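A.B. asks: I'd like to ask you about the structure that follows.
The values are calculated or read from the model by the stated rules, or taken from the named source; none is laboratory data. Since the model is a prediction, treat every value here as computed from it, not as a measurement. We place every Cβ from the backbone using ideal geometry, glycine too, and count neighbours over all the protein chains shown. To get the accessible areas, we keep the full protein, side chains included, count just its heavy atoms, and leave off ligands, DNA and RNA. Shrake-Rupley method; radii C 1.70, N 1.55, O 1.52, S 1.80 Å.
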Amino acid sequence: MNTFLDQVYQRMVDHLRNGTTDEADEMLEVPIEHFTSPERLQRELEVFRRQPLVGAMSSDVPDPGSFVTLDLMGVPILIVRRKDGTVACFRNMCRHRGGKVEQDERGKKPFFVCAYHGWSYASDGSLRGVPFEEQIGEIDRGCRNLHAVHCEERHGIIWIGFCGDSDRGVAEFLGDADERLGGYGVDRTVVYMEKTIELAVNWKLVMDGAIDILHPQFLHPNGVGKLIQTSAAVWLDYGRHGQSFSARKRLAEKLKAGEEIEAGWRYITGNLVMFPNVSLIPAPDHYEFWNVWPDLEDPGRCTVHIRFLVDGDTLTDEIGKRIERSWEILEQAATEEDFPMEETIQVNAAAYPHGSFTYGKNEVPCQHLHRELDREMASLPA
C-alpha cells in the first residue's frame with residue numbers, strides 16, 4: 001500500500017473505531033431557488049464555459065482521421081485526430097453557409113465535406129476544396145478554415161475550453177487532482193459501454209446524489225446499502241475538485257471482531273469529483289466515468305452521460321460480462337431509486353422555491369460542490 005492509500009485507509013479506520021467522519025466547519029444552507037431559477041442557471045452555464053470540459057475520451061479518436069462529433073454546451077463540435085497524432089477541435093460549421101461539415105457521430109475519414117454545397121476541409125481544419133470556385137468570386141482561403149476550439153488531451157481525456165484561455169492548461173486546472181487522475185491510468189482505457197439518460201432534475205441534485213455518502217442505508221437498503229458503511233467517510237480537498245472515500249461494511253465488521261486485515265485498501269471505495277460535473281468511480285476491473293450536463297434553458301432538466309472504461313489490453317469476455325452486470329446493478333439503483341427520489345426533490349423545489357436545503361457538517365462532498373460553484377460565480381463579470 002503506497003503512502004497516499006495508507007493515509008486514507010488509516011483515517012477511515014480511525015473513523016470506524018471512533019464513530020466519527022470527516023466534517024465541514026459548519027452546516028451549509030443552499031437556497032432552493034438555486035435548483036429552479038432560470039437566471040441562476042444562466043450564471044452557472046457561464047461558469048461551465050470558463051472551465052475545461054470533457055469532450056471525449058482519447059480512445060474515441062484512436063487513429064489519424066478518426067473523429068467524433070457532439071454538441072457541447074449547445075455548440076456543435078468536431079474532434080479529429082490529425083495526421084501528426086495530435087487532437088484538434090473545431091466548430092462543426094462550414095465557413096460557407098454554416099451547415100455541419102460532418103453529420104456522423106463518429107468514424108474515420110481523410111477529410112470532411114459539407115453536404116450542403118460540397119466545401120471540404122482537411123483534418124487540420126484548413127479549407128481543402130470549393131466546388132465552382134471560379135464562379136463564386138475571390139475567396140481568401142486562409143480566412144475560411146474551420147473555427148478552431150481550444151482543446152487539450154490529458155490523462156486519456158480530450159478537454160475542451162470555450163473561454164479562449166490557452167495559457168491555463170488542464171494540469172493547472174486540475175491542481176492536486178491531476179496526480180490522482182493520472183494515477184488511474186485512464187489513458188490506457190477504451191469505452192466499453194456508454195449510456196445517456198435525460199432527467200427532469202437539476203444537474204446539481206444528480207451530482208449531489210452521486211457523491212452523497214449518507215443515503216445508501218436508507219434509499220438502497222437492499223442494494224449498496226448492505227455493502228457500504230454509511231456513517232464514515234474521508235474527504236480529500238483538491239481546491240475546485242475533491243475525492244470522497246467510503247468503507248465497506250466488511251471492514252467495520254473485521255475491525256469490531258479484531259480480525260487481522262490484509263490489503264485493507266480493498267475495503268475502501270473512492271469517487272474522484274472534478275469540478276464542475278465529472279465523477280470518476282474506480283471498480284476492480286473498470287471505471288465509471290460520469291458527466292452531468294445542465295439543460296441550457298430549463299433548470300429542472302439535465303443529461304447524465306455515463307461511460308464504462310476498461311483497459312483495452314486486459315479486456316476479456318469475462319470482464320465484459322462483469323461490466324454488464326455492474327451496469328444492471330447501477331441501472332436498477334439509479335433509475336428505480338436515485339433518479340426518482342431526485343425527481344421528487346425537483347418537483348417540490350419547483351412547487352415551493354423558498355427557504356433552503358440543509359447540508360450538514362457530515363455532508364462534506366456535497367457542500368464542496370455548492371461552495372466551489374458559488375466561489376466561481378462570484379468571480380464572474382457583473
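A.B. asks: Just add up the charged neighbours of H370: K/R +1, D/E -1, any other residue whose Cβ is under 9 Å from the Cβ of H370. Don't skip to the end; give the middle numbers.
C.D. replies: On the way: positive: K204, R371; negative: D208, E372, D374.
Every neighbour counted, the sum reads -1.
A.B. asks: Here is a further query. Could you tell me the convex hull volume per residue, in Å³, taken over the Cα atoms of segment 45-133?
C.D. replies: 98
A.B. asks: Also, quick follow-up: If packing is taken as the mean number of other Cβ atoms within 10 Å per residue, what is the order of 60-68, 234-242, highest first?
C.D. replies: Values: 60-68: 17.4, 234-242: 20.0.
Answer by packing, highest mean first, reads 234-242, 60-68.
A.B. asks: Considering only protein heavy atoms and a 1.4 Å probe, what is the carbon-and-sulfur percentage of the accessible area of segment 73-117? Intermediate values should be presented prior to the final figure.
C.D. replies: On the way: 1190 of 2470 Å².
C and S atoms contribute 48 percent here.
A.B. asks: Take every Cα-Cα distance within segment 205-305, group them into 10 Å bins from 0 onward, and report for each bin the whole-number percent of pairs it holds.
C.D. replies: All Cα pairs considered, the percentages come to 13, 40, 33, 10, 3, 0.
A.B. asks: Every cysteine in the chain with no other Cys Cβ under 4.7 Å from its Cβ, please list them in numeric order.
C.D. replies: Flagged as lacking a Cys partner: C143, C163, C302, C366.
A.B. asks: Take the Cα coordinates of segment 311-358, assign each an equal point scatterer, and use the Debye formula without solvent to give log10 I(q)/I(0) at q = 0.16, 0.20, 0.22, 0.29 Å⁻¹.
C.D. replies: Here log10 of I(q) over I(0) equals -0.62, -0.73, -0.80, -0.98.
A.B. asks: If ligands, DNA and RNA are left out, what is the accessible area of T230 with a 1.4 Å probe, given in Å² to the nearest 10?
C.D. replies: Ignoring ligands and nucleic acids, T230 comes out at about 10 Å².
A.B. asks: What percent do you get for the relative contact order of the chain when only Cα pairs under 8 Å and 6+ apart count?
C.D. replies: Working: 681 pairs, mean separation 87.6, N = 382.
Computed value for the chain: 23 percent relative contact order.
A.B. asks: What is the sum of charges around H147, taking Lys and Arg as +1, Asp and Glu as -1, for the other residues whose C-beta is under 11 Å from the C-beta of H147? Don't skip to the answer; put the middle values down first.
C.D. replies: On the way: positive: R91, R95, R144; negative: none.
For residues surrounding H147, the net value is +3.
A.B. asks: Can you give the extra length, in nm with one decimal, that the chain gains between D71 and H117 once fully stretched, where that is 0.36 nm per residue apart less the Cα-Cα distance? Can you show the working numbers first?
C.D. replies: Working: separation 46, 0.36 × 46 = 16.56 nm, distance 2.23 nm.
14.3 nm is the gain from fully extending D71 to H117.
A.B. asks: For the residue pair E260 and D187, what label-to-label distance in nm results when each label sits 7 Å from Cα along the Cα-to-beta-carbon direction?
C.D. replies: That separation, rounded to one decimal, is 4.0 nm.
A.B. asks: Using only DSSP helix segments of four residues or longer, with each worth -39500 (n - 2.57), what per-residue ellipticity at 222 nm results for the chain after dividing by its residue count and rounding to 500? Present the calculation step by step, with values, prior to reporting the outcome.
C.D. replies: Numbers: 11 runs with 111 residues, N = 382.
Rounded to the nearest 500, it is -8500 deg cm²/dmol.
A.B. asks: Now for a separate question. Segment 1-88: D in µm²/s via Stokes-Einstein (Kirkwood Rh, Cα pairs, 25 °C, 0.890 mPa s)? Mind showing how you got there, number by number?
C.D. replies: Details: Rh = 18.2 Å.
Rounded, D is 135 µm²/s.
A.B. asks: Moving on to the next point. For the chain, what is the number of Lys pairs with C-alpha distance below 20 angstrom, counting only pairs 8 or more positions apart or on separate chains?
C.D. replies: Here the count comes out as 10.
A.B. asks: May I pose another question? Return the distance in nm (one decimal) between the two label points of a simple spin-label model at M27 and D84, each offset 7 Å from Cα along Cα→Cβ.
C.D. replies: A separation of 5.8 nm, rounded to one decimal place.
A.B. asks: Quote the FRET efficiency, to the nearest 0.05, computed for Q135 versus L296 with a Förster distance R0 of 45 Å and r equal to the Cβ-Cβ distance.
C.D. replies: Working: r = 39 Å, r/R0 = 0.88.
That pair, Q135 with L296, gives E of 0.70.
A.B. asks: Provide the per residue accessible area, probe 1.4 Å, for the chain, rounded to a whole number of square angstrom. Don't skip to the answer; put the middle values down first.
C.D. replies: Values: 18310 Å² over 382 residues.
Accessible area per residue, the chain: 48 Å².
A.B. asks: Also, quick follow-up: Based on the alpha-carbon set only, what is the convex hull volume of the chain divided per residue, in Å³?
C.D. replies: On the way: hull volume 62.9 nm³, N = 382.
About 165 Å³ per residue, rounded to a whole number.
A.B. asks: Let me ask something additional. Between K361 and E172, how high is the FRET efficiency from 1/(1 + (r/R0)^6) when r is the Cβ-Cβ distance and R₀ = 30 Å? Nearest 0.05. List each step's numbers first, then the result.
C.D. replies: Working: r = 31 Å, r/R0 = 1.03.
Using R0 = 30 Å, I get an efficiency of 0.45.
A.B. asks: Per-residue counts of other Cβ atoms within 10 Å, averaged by peptide: what ranking do you get for 17-23, 95-101, highest first?
C.D. replies: Numbers: 17-23: 14.3, 95-101: 16.3.
In descending order of packing, they fall as 95-101, 17-23.
A.B. asks: In the P(r) worked out for segment 35-185, what percent of Cα pairs fall beyond 19 Å?
C.D. replies: 57
A.B. asks: So, one more: For the chain, what is the charge dipole size about the Cα centre, in debye to the nearest 20, if Lys and Arg each add +1 at the Cβ and Asp and Glu each add -1 at the Cβ? It would help to have the intermediate numbers written out before the result.
C.D. replies: Numbers: 41 positive and 62 negative charges, 125 e Å.
Dipole about the Cα centre, nearest 20: 600 debye.
A.B. asks: Can I ask one more? For the pair E318/S37, report the inter-label distance in nm, with labels modelled 7 Å from Cα in the Cβ direction.
C.D. replies: Result for the modelled spin labels: 5.5 nm.
A.B. asks: Right, next: May I ask you to give the percent of accessible area on segment 256-370 that is carbon plus sulfur, with a probe radius of 1.4 Å? Before the final figure, lay out each step's value.
C.D. replies: Numbers: 2730 of 5480 Å².
That share works out to 50 percent.
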